[in-house]
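Have a look at the structure below before the remarks.
The values are calculated or read from the model by the stated rules, or taken from the named source; none is laboratory data. All figures in this text were calculated on a predicted structure; none of them were measured in a lab. Cβ placement follows ideal geometry from the backbone for every residue including glycine, while neighbour counts extend to all protein chains displayed. Just so you know, the surface numbers come from the protein's heavy atoms only, side chains and all, with ligands and any DNA or RNA stripped out. Shrake-Rupley method; radii C 1.70, N 1.55, O 1.52, S 1.80 Å.
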Amino acid sequence: MKEDLENIRAAALRDLETAETESAIEEIRVRYLGRKGELTAVLRGMGKVSPEERPAMGALVNRIKQEVEGGIGTSLDRARAAERSRRVASERIDVTVPGRRPQLGRIHPLTQITNELVGVFVGLGFSVAEGPEVEDDYHNFEALNFPADHPARDMQDTLFVEGGRVMRTHTSPVQIRVMEERKPPLQVIATGATYRHDSDATHSPMFHQIEGFMVDQGITFADLKGVLTRAVRELFAADCPVRLRPSFFPFTEPSAELDIGCFACGAAGGACRMCKGTGWIEVLGSGMIDPNVFEAVGYDPEQVSGFAFGIGVERIAMLKYEIDDIRLFFGNDLRFLEQF
Amino acid sequence: MKLPLGWLAEFVDIGADTAALCEVLTMGGLEVDAVEERSQGLAGVVVGKIVAIEPHPNGDRLQVCRVDAGAGDPLSVVCGAANARRGLRVAFARDGATLPNGARIGTTEVRGVSSAGMLCSEAELGLADQSDGILELPGKAPIGKDVSEYLGARDTIVELSITPNRGDCLSILGLAREVALLTGVRLRTHRPKVKEKGAAAAAEVSVRIDEAGACRRYAARVIRGVAVGASPMWVRLRLEAAGMRSVNNIVDATNYVMLERGQPLHAFDLAKLQQREIVVRRAGSTDAMQTLDGMVRALVSDDLLITTGDEALAIAGVMGGADSEVTDATTDLLLESAWFDPSSVRQTSKRLDLKSEAAYRFERSVDVEGVVDALDAVAALIATLAGGEIAPGVVDCYPGRREAEPITLRPERVSALLGTEIARSEVRRSVKALGAKVEKADGGALAVYPPTFRSDLVREIDLIEEVARVHGYGEIPTRMPVKQIASGEVPLRMQLAQRIRTVLQGLGFSELVGLAFASEQRNQLFPGTNTTGRGTRLLNPIASDEPELRRSLLTSVVAMWRLNRNQGAGAIAGYSIGKVYWHDGESREGWRVAGVLAGQMPTLGLGTRRPPDFGDAKGVLEQVFEELHVVDRISWVTESTLDSFHPGKTACVHIDGRPVGILGALHPEAEVTLDLDGAHWLFEIDLDAVVKLEVPPLRYAGLPRYPSVVRDLALVVDGDFHSGEISRFVCNWNPDLVEDVYLFDEYVGSPIAPGQKSLAYSIAFRAVDRTLTDEEVNGLQEQLMAALEQEYSVKQR
Ligand SMILES: [Zn+2]
């Protein structure tokens, strides 16, 4: 009997050595250890063994069973590893097929520029305010020191609305509305659509502005220069040259246009188209808030002072992305929008 | 304003560096728009002298001239002009010259005689539209000199943007004053010299001003015996350089002096005046007159007129009348130089849509003290150009003379506002440099009397600006304000809009921005979400077919869809966040979000392309509301959708039972109207309503400690049954134990009876305090089914 067991053990281990697949190994397990397996058959013959020999024989059967089971485990590991190698050797994908991309939408370039500008000014402590687009003459002009019948109104060709109203020609009326409601110190920007009766490659009847103002005791022209220089350098380049030159806006005095050194020609000018050879690009209008504006909102110009500025969003976007036709922004051709 | 530098140089030294001059002007607030080098297109045309002349052997009227061009031997030139004669100095286009019409001149053979160039007429030189014979140059014209240079046709013209406050810079003299101020050089001015003769002007004409507010001063001169004709070349060239056309020597003289001194002037034919008293008055009952351009202009009673008797001679400051126009037959002139009220001129010129160089200057105010100087200058120029005798004396009616009022200027205020210390002495020097008279005032302040040509200087702040300008903006320090540290705030609407953009971007939607204008038809088709009344109307729309403001963003969205469909775009997924407008007695406006999903589903790569279905579009909106934490408060109802939407494919979106928007497909009739088709979904949401929602602050909910049990439930219902009913019923049936329910399958067809459909829901049961047993869940499911059968006519499948 002991001999039979040894033979079974040897045969099982030999069979396992050559078994290559999980199913072959399973067959071996059934053949030797299964209910009708060879080892089981030997165990059934235990009755014939003398009681003295039984413990030793039992231990032997268990040892052999464990050995065979161990062998099965080893073979299975080997067979599964071989199976993985076979799989890895046969599986090949075409990594050059296009990715199945859920389409990514785009944020409109004007929104992107607006967000960037808002971010810069919020970072400098300005809060955002909003106001109506259909405005009254008082907030759009009168309170901003545009007298009726003054040529300054020609600077802003107006779209008139029934009921004596206008489409706001700039975001500046928000200045008035905020100052009417609140007291200094104020640090506010206003963003949004503005309208002029004008339409060609560089003028859209609807366009966007960011307006800002700061009012407190002792705000000076030097502060205006400081804040706006910081802001445009954040927007364009940390080292870009900045200059202010005298200009005219009814609601500021002294008034200034702010130019930055042309980034296309490195402020060299020459035949540069971006700056028309001047080396400078106009980016915003600004100035110290006119005393008449303060008086219109009930502030005492002897007590408070402040500066204001206005930036054309389309202009900045056109400069940044070198867009030559303003109408592209409002045409909404996906081939345009998807570039941003 | 076109500034010919040659003209400017008569009044001030400008040096040779044009770029440097432009920089000075720009940094002084006179922005240079463009610089034009002007040479009349003449190259290689020089002054020549005809030293000998003989008839052409083979030509009737041709002659062969020997021309001395200053270099080498005289050249043979064939010429057909009758006025070619020996000793004449001419404009000689040499071999290699080019003319303004682009013609290149070479050596040619004319009927067997070699011709080394061409003798030019005024027309050929581009100096006149037509001309007889060749141009005759004066006997002192230097032989060999470049003709364009000799004639002064070569000049640099600087084009400036003059801001509306600087009417004083709308003249050569005014700009010369600025150059002198900004560069520190001396201004050369001269008072015009007038040689008078004959009977005094006052004996012939008188002036009466009825409206001293609208006409502070009116001065007149009389000239007798002028010869109206063409202006000489130098006058024509200067007018052209400054952007004006030559008319005749009289009109040209008035324009010339206006360009030089900024004072508009007018010449009347004295003989055509019915009476000799000039009256400046309102139009009153005079309701029309014919202006110089031949048009009959309707007048209103407030228009200011120059009249004599009951005859209107001119619309003051805007345009002269046809009746008193100077013609070739005119011999005696009445010259006008006046100050008219800017807003009166502006109102009339705007109403008549009559823009003129004169009105432009009056609107920006002229120098009331310069009126007579300009009148003298134009009289002297006319005498030079057209002959005639200037009658002695100026008829000067000046009821609007004003005592000069000083402006108090506090030097410490200058420093405080500019943020830099500017010495009192510098402040004083700066305003004196403007031409102001300065006296001492109380408390160390200055009493400043601005020059009369600077009518824009009326307040202390105006002077502070001038001090800053003279000081140089670049010299003022750049520094950050000292202030309390506070971060900026962004309104909730903008924050929510940004979150919506982020979600929609991730779901493949591109943002569009449309113009706010709409046609009446579009506003009827898309009357908007939560809008009332009618569309807001524009009084002067950009395009006549879009006279209103959009009531709905769908107007813009649909335009974007059509454009991109026409471009052949596959997937069209776009949205807009913008304003809509309506009018309910008042002008209203509000924020909306609208979008379109059309064409194919927005996915790139391998796989099938499929059109979007309702679930795709609804899912997009649900994700937007998920981001805003209000998705559980949304309901979708079919009642009260818009006529332009398909009644069977459209839902109103409600939040907390109140309508906030719409999602659906166009009505087939609207598709035809809009020329659009194919699978599509449109939505519009009232952003203002969403912003107003109270959203409780987010709080963490504990993670479940016991497992859930998920069961499927398949029901057979009528074909038009709303599946959402079941979902809502199940959720509310036992909120403690039913955690979630969703529809995962909808099936129509065999073995389901026609007219019915099968809905399969997945229901998750969970208790917070224990693990539910199978038996418990089985029991719940049976009770639920019984409740459903009782509530609806449904059967379990
Ligand atoms: Zn450049």
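Observations on the model:
- In segment A:243-258 there is no residue that is within 16 Å of the ligand (Cβ to nearest atom) and of a type in the set (A, V, I, L, M, F, W, C).
- Beta carbons closer than 8 Å, at least 6 apart along the sequence or on distinct chains, never pair a first residue in segment B:480-491 that is facing chain A (nearest Cβ under 7 Å) with a second that is loosely packed, with under 14 Cβ neighbours inside 10 Å and among the basic types (Lys, Arg).
- The combined condition, being of a type outside the set (Ser, Thr, Tyr), in contact (Cβ under 8 Å) with a residue 24 or more places away in the chain, surrounded by fewer than 21 Cβ atoms within 10 Å (Cβ to Cβ) and within 16 Å of the ligand (Cβ to nearest atom), is fulfilled by A:Glu282.
- Pair list, Cβ under 8 Å, 6 or more apart: segment B:340-360 residue surrounded by fewer than 19 Cβ atoms within 10 Å (Cβ to Cβ), other residue basic (Lys, Arg): B:Leu354/B:Arg297
- Sole residue being buried (at least 16 other Cβ atoms within 10 Å of the Cβ) and among the charged types (D, E, K, R), chosen from B:Glu684, B:Glu694, B:Glu725: B:Glu684
- Filter pass, A:Met167 being open to solvent by less than 10 Å² (accessible area, probe 1.4 Å) and farther than 21 Å from A:Phe309 by Cβ: yes
- Within segment A:206-228, the residues that satisfy the criterion of being at the interface with another protein chain (Cβ under 8 Å from one of its Cβ atoms) and surrounded by fewer than 20 Cβ atoms within 10 Å (Cβ to Cβ) are A:Asp216, A:Gly218, A:Ala222, A:Gly226.
- Screening A:Phe329 on (1) in a helix (DSSP H, G or I); (2) of a type outside the set (A, V, I, L, M); (3) open to solvent by 10 Å² or more (accessible area, probe 1.4 Å) shows it passes everything except condition (3).
- Unique match (being at the interface with another protein chain (Cβ under 10 Å from one of its Cβ atoms), open to solvent by 30 Å² or more (accessible area, probe 1.4 Å), in contact with a Phe, Trp or Tyr (Cβ under 9 Å, 6 or more places away or on another chain) and in contact (Cβ under 8 Å) with a residue 40 or more places away in the chain) among B:Leu515, B:Leu504, B:Leu539: B:Leu515
- Residue list for segment B:64-74, filter: at pLDDT below 90 and not small (Gly, Ala, Ser): B:Asp73, B:Pro74
- Those helices (runs of 4 or more DSSP H) of segment B:112-226 in which 1 or more residues are open to solvent by 20 Å² or more (accessible area, probe 1.4 Å) and closer than 30 Å to A:His150 by Cβ occupy B:172-183.
- Among the residues of segment B:560-585, the one identified as β-branched (Val, Ile, Thr), touching a helix residue (DSSP H, G or I) at 6+ places or on another chain (Cβ under 7 Å) and modelled with pLDDT of 95 or more is B:Ile577.
- Some residue of segment A:262-272 being in contact with a Leu (Cβ under 7 Å, 6 or more places away or on another chain) and of a type in the set (A, V, I, L, M, F, W, C): no
- Within segment B:579-603, the only residue that satisfies the criterion of being assigned to a strand (DSSP E or B), more than 10 Å from every other protein chain (Cβ to nearest Cβ) and charged (D, E, K, R) is B:Arg592.
- Scanning segment B:763-797 for residues being at pLDDT 90 or above, closer than 29 Å to B:Ile752 by Cβ and of a type in the set (Gly, Ala, Ser) gives a total of 4.
- Answer from A:Pro241, A:Pro291 - the residue that is open to solvent by 10 Å² or more (accessible area, probe 1.4 Å) and either at pLDDT 95 or above or touching a Leu at 6+ places or on another chain (Cβ under 7 Å) (or both): A:Pro291
- Search result, residues across segment A:94-121 that are in contact (Cβ under 8 Å) with a residue 40 or more places away in the chain, farther than 18 Å from B:Ile577 by Cβ and at the interface with another protein chain (Cβ under 7 Å from one of its Cβ atoms): A:Phe121
- Residue identified as assigned to a loop (DSSP other than H, G, I, E, B), under 29 Å from B:Arg261 (Cβ atoms) and open to solvent by 20 Å² or more (accessible area, probe 1.4 Å) among B:Thr478, B:Thr452, B:Thr532: B:Thr452
- When residues of segment A:1-54 are limited to those that are β-branched (Val, Ile, Thr) and touching a residue at least 40 places away in the same chain (Cβ under 8 Å), the one surrounded by the most Cβ atoms within 10 Å (Cβ to Cβ): A:Ile28
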